[in-house]
Amino acid sequence: LPPAVFPLSCAVQNYSWGKVGLESEVAKLVATSDPLVQIQPDQPYAELWMGAHPRGDAVIRDNRIPQKTLGQWIADNPACLGAKVKDAFQGRLPFLFKVLSVNTALSIQAHPNKELAAKLHTQFPEHYPDDNHKPEMAIALTPFEGLCGFRPVEEIVSFLQTVPELRALIGEVAAEQLERSGSDDPRGVSAALRVCFTRLMKSEKKFFVDQLNMLVKRISQEAAEGKDTSGSNGDLLLRLHSQYPGDIGCFTIYFLNLVRLEPGEAMFLGANEPHAYLQGDCVECMACSDNTVRAGLTPKFIDVLTLCEMLNYTPAPSSSKIFPATQSQLDPSVYLYDPPVPDFAIMRIEIPASIKLYLVSAVDSASILLVIQGTAVGTSTAAASEMTLRRGSVLFISANESISLHLASPDGMLLFRACCLL
């Protein structure tokens, strides 16, 4: 039988927002997993793609396997996905697993649900390359910050009252409508929020640039005088404005929650949830799609109308955006992040130093395993030979196969495993 467990060499994406050189977790993982790779000190290393996506198909590092890439191998051996996954997802790996290293903000964006994705793909295939939804989950590796979902209305109203430039862009009528909307009428609140946000995003370029410049000048002066600018979210405003001067996205900080994740904490982004990652390193898993509707903090194609139409305008506190992991009853080393979509789940595996032999157990789905910390020798009846696992190693594990890890490191190991639990 051909090996069903094998190491991968994964694609790096050098997007401009990525951390540079060995500041980047992506670069560090690549450098330790493959000593032959030269890390360029002035190059951004933004994303590591672990999967079979056509724009970054992982290369198989096992010369006994005739197929060069994971995508080719799965196409020739679809049973490796597991019977249920193979049937549910038409013989394709349903997820893309990533590491992100974020230095400057990513665009304000949301991902469409399946229905909207199909429509956008039909109408504008050059901007929306497939017809799939793209829920995603991020788990922090280092302290991680992002904007996610609409803030509680009282926070937005408070900014409307302390940031006159914001109020000017939205207009008095819309601002008062939001101020009057009561918590007893959630549909009224959402409607008022939609009007306010749409007014902001569709405001005239010259007008919003003038207002933004006034705001930035005022906040800079207040900060220089040692005043507290937190009532105007001053620190974040100045940071985003320095990254994307004159960009409408700078004003979205008054509408969207700032979510801070500590290592191991996660956020789940369902369809139509507005978000933008700001800084830090994370592992991310998503349904296999490239559909992104953008509207600011980006030089890319922006589609403000579609974004404002599709968003979920339900206000909620930032604490509600943190997605909990549940510790496995069967194996206390495993913490499962199981989002409310069928396409993927992630396991965080923390093997303590006291354990010298650990079994990565079989699941009824193909999975991808990433080593963040520690070293081990891996053996499997489904592997051609023993595999050395170290920081940055990535393994493909076919459905119903397990791996024994013989730990070599004194401090235990930290692994992440993406799979599909139907």
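Brief remarks follow.
- Checking each residue in the stretch 291-318 for being within 26 Å of PRO143 (Cα to Cα) and touching a Pro at 6+ places or on another chain (Cβ under 6 Å) picks out PRO315, PRO317.
- Some residue of the stretch 212-219 being closer than 21 Å to ARG239 by Cα, hydrophobic (A, V, I, L, M, F, W, C), open to solvent by 30 Å² or more (accessible area, probe 1.4 Å) and outside the structural domain of GLY264 (by the TED database): yes
- Any hit, the stretch 255-268, residues being of a type in the set (D, E, K, R) and over 30 Å from ALA418 (Cα atoms): no
- Filter result for the condition that a residue is in a helix (DSSP H, G or I) and among the small types (Gly, Ala, Ser), over SER158, SER107: SER158
- Which numbered condition PHE97 misses (of (1) within 29 Å of GLY21 (Cα to Cα); (2) modelled with pLDDT under 95): (2)
- Residue list for the stretch 220-250, filter: open to solvent by 20 Å² or more (accessible area, probe 1.4 Å), farther than 17 Å from ALA276 by Cβ and assigned to a loop (DSSP other than H, G, I, E, B): GLU225, GLY226, LYS227, ASP228
- Selection from the stretch 309-337 of residues that are open to solvent by 80 Å² or more (accessible area, probe 1.4 Å) and in a loop (DSSP other than H, G, I, E, B): PRO324, GLN329, LEU330, PRO332
- Some residue of the stretch 348-357 being of a type in the set (Ser, Thr, Tyr) and open to solvent by less than 40 Å² (accessible area, probe 1.4 Å): no
- Entry remark, the stretch 34-59: residues being open to solvent by less than 20 Å² (accessible area, probe 1.4 Å) and within 25 Å of PRO3 (Cα to Cα) number 7 in total.
Conditions (1) open to solvent by less than 20 Å² (accessible area, probe 1.4 Å); (2) small (Gly, Ala, Ser); (3) closer than 30 Å to TYR244 by Cβ, marked per residue:
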site	(1), (2), (3)
ARG64	no, no, no
TRP73	yes, no, no
ALA83	no, yes, no
LEU116	no, no, yes
THR122	no, no, no
GLU136	yes, no, yes
ARG151	no, no, yes
LEU160	yes, no, yes
GLU165	yes, no, yes
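- Residue in the stretch 143-154 that is farther than 20 Å from ILE108 by Cα, in a helix (DSSP H, G or I) and not basic (Lys, Arg) present: yes
- Segments classed as strands (runs of 3 or more DSSP E), wholly inside the stretch 1-75, with at least 3 members that are out of contact with any helix residue (DSSP H, G or I) (no Cβ under 8 Å at 6 or more places or on another chain): 5-9
- Scanning the stretch 94-139 for residues that are charged (D, E, K, R) and within 30 Å of LEU395 (Cβ to Cβ) returns LYS98, ASP130, LYS134, GLU136.
- Failed item, numbered, when ARG260 is tested on (1) outside any loop (DSSP other than H, G, I, E, B); (2) in contact (Cβ under 8 Å) with a residue 60 or more places away in the chain; (3) open to solvent by less than 20 Å² (accessible area, probe 1.4 Å): (3)
The values are calculated or read from the model by the stated rules, or taken from the named source; none is laboratory data. None of these values were measured; they are calculated from a predicted model. In this analysis, Cβ positions are derived from the backbone assuming ideal geometry, glycine residues included, and neighbour counts consider all displayed protein chains. The accessibility values were calculated without ligands, DNA or RNA, using every heavy atom of the protein model including side chains. Shrake-Rupley method; radii C 1.70, N 1.55, O 1.52, S 1.80 Å.
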